[in-house]
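Just below is one structure, and these are the notes that go with it.
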Amino acid sequence: MPASAAAVLDALGDATRRSILERLLDGPSAVGVLAGQLPVSRPAVSQHLRVLKEAGLVTERREGTRRFYRARPEGLDDVRAFLDEFWDDKLERLKREVERG
């Protein structure tokens, strides 16, 4: 598995980070707005966003003292490729078994 795919899967292993990413799929948002929508503190949201950013799942834009985050769906491409390869391999094995009878 590529390191980038592992980083994405690790980042998405946390329910709060998945929730943040889902909210950002609706459009960019400031940290404070996200914190108001979640049952965690603003510093915790910032830490989760840092993990998502390091995994390539969000981008950050600064406007003065505010930070806005946007989902980066293409950050899932390596995971998608890994899963496609995984399933292609499994399906090929199944096909060989069926053909062998």
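The values are calculated or read from the model by the stated rules, or taken from the named source; none is laboratory data. Just so it is clear, the model here is predicted, and its values are computed rather than measured. Don't worry about glycine lacking a Cβ; one is built from the backbone with ideal geometry, like all the others, and counts go over all protein chains shown.
Key figures
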{"item": "Enumeration of residues in the range 13-27 that are in contact (Cβ under 8 Å) with a residue 12 or more places away in the chain and either closer than 21 Å to LEU83 by Cα or out of contact with any Leu (no Cβ under 9 Å at 6 or more places or on another chain) (or both)", "result": "ASP14, ARG17, LEU21, LEU25, GLY27"}
{"item": "Hits in the range 51-101 (condition: acidic (Asp, Glu), at pLDDT below 90 and touching a helix residue (DSSP H, G or I) at 6+ places or on another chain (Cβ under 8 Å))", "result": "ASP78"}
{"item": "Any chance ALA30 is touching a residue at least 24 places away in the same chain (Cβ under 8 Å) and either touching a Phe, Trp or Tyr at 6+ places or on another chain (Cβ under 7 Å) or on the phi > 0 side of the Ramachandran plot (or both)", "result": "yes"}
